[in-house]
1. Which number in (1) more than 19 Å from A:M113 (Cβ to Cβ); (2) in a helix (DSSP H, G or I) marks the one condition that A:V25 misses?
2. Only one of these conditions is not met by B:I5: (1) within 7 Å of chain A (Cβ to nearest Cβ); (2) more than 28 Å from A:G49 (Cβ to Cβ); (3) outside any helix (DSSP H, G or I). Which number is it?
3. Across the range B:59-100, what is the total count of residues that are in contact with an Asp or Glu (Cβ under 6 Å, 6 or more places away or on another chain) and either over 29 Å from B:V118 (Cα atoms) or assigned to a helix (DSSP H, G or I) (or both)?
4. Among the residues of the range B:116-131, count how many are open to solvent by less than 20 Å² (accessible area, probe 1.4 Å) and closer than 19 Å to B:Y10 by Cβ.
5. Within the range B:6-24, identify whether any single residue is closer than 22 Å to B:D128 by Cβ, in contact with a Ser or Thr (Cβ under 9 Å, 6 or more places away or on another chain), of a type in the set (S, T, N, Q) and open to solvent by 40 Å² or more (accessible area, probe 1.4 Å), and answer yes or no.
6. Since B:M44 meets every condition but one in (1) surrounded by fewer than 18 Cβ atoms within 10 Å (Cβ to Cβ); (2) at pLDDT 95 or above, which condition does it not meet?
7. For the range A:1-22: of the residues being in a loop (DSSP other than H, G, I, E, B) and open to solvent by less than 20 Å² (accessible area, probe 1.4 Å), which is farthest from the other protein chains (Cβ to nearest Cβ)?
8. Restricting to the range A:104-133, name every residue that is more than 23 Å from A:A29 (Cβ to Cβ) and within 14 Å of chain B (Cβ to nearest Cβ).
Amino acid sequence: MSLNRDEVVGLPTGASTVHVERGPVSKFARSVTDPNPVYHDLAAAREAGFDSIPAPPTFTFSAASHWGAFPEDQPEDPTGGAGNPMGRLMGDLRKEGGLILHGEQEFVYHKPMQVGETLRREGKIVDLYTKEAKGKTMTFLVTETVFKDDAGDPVVTERFNLIHRR
Amino acid sequence: MAKPIAKLRYDDLSEGDEAPALSHELTRSGLVAYAGASGDMNPMHHDEVQAKAAGLPSVFGHGMLSMGILGRALTDWAGVGNLTEYRARFTKQTWPGETLSTRIVVTGKSQTEEGKRVSVDVTLCNQDGEVKLAGTATVAVA
């Protein structure tokens, strides 16, 4: 393995302020084939116990990093302008050949995520380890991203596990 | 303060119970829709020319689309907002033309400080029974 655990674990992957918006939530729900009216109709959402339209369970992955972040209220960049180190690390692994795969994904839901909320997203690399299996070396790179509300309470915690197999 | 309504009752559920299954046929248009909605623009999921140049038979599905389809089966069953944990391992790639089916099986029940919980094993398989995604979830119940 070319990556050094001590240099990698703890590196910030990024931070942003994210506005949970109705259009992207509705479009995302349709794209995961979910026609449930709670994602599209405010009356249906309220009937299901929400204050506003809720986000589907996997919305935070990717979608909440791409939609709803605007320049006027972004926090200081914890990577110091270097950007998410995962891109560089994946590049390093790719040079060794083999395959890079999204191996595992985990969500812990602390409270509902709803349209109209402004969340603070912060991520870091939390683990790096290798396993030998069937004559192949598997390198696992794990990031954790937490979305917090205005009060600083966690709303969703995500763990993303990338596998490099060669 | 949102209080999502639980659709399931603790006393009604036993180990081995299954949630209603959902089936969905993957299409290239569906992959493009997910790419656009999620912002995941990895060309292996929408650009057939690049995918073939990389040695693949065609574009393939996003693991997170599989997890999203299974997530729908979970929230249809337990009610939106009642999922407390959801974990998946992506075991095989998915391909356009495959019909993916969800399976959700109750594995345990517990009463926690936060409330009543039911744990499940989840899988997504294609029409030949090949497992694409295997994982676990926990749902809040009444």
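1. Unmet for A:V25, out of (1) more than 19 Å from A:M113 (Cβ to Cβ); (2) in a helix (DSSP H, G or I): (1).
2. The number of the failed condition is (2).
3. Going through the range B:59-100 one residue at a time, the tally reaches 2.
4. 2
5. yes
6. All conditions pass for B:M44, except number (2).
7. Only one residue fits best here, namely A:L3.
8. Across the range A:104-133, the qualifying residues are A:E104, A:K131, A:A133.
The values are calculated or read from the model by the stated rules, or taken from the named source; none is laboratory data. In this text, all values refer to a predicted model and were calculated from it rather than measured experimentally. Positions of Cβ are backbone-derived with ideal geometry, glycine not excepted, and every protein chain shown enters the neighbour counts. Ligands, DNA and RNA are excluded from the accessible area calculation, which covers all protein heavy atoms including side chains. Shrake-Rupley method; radii C 1.70, N 1.55, O 1.52, S 1.80 Å.
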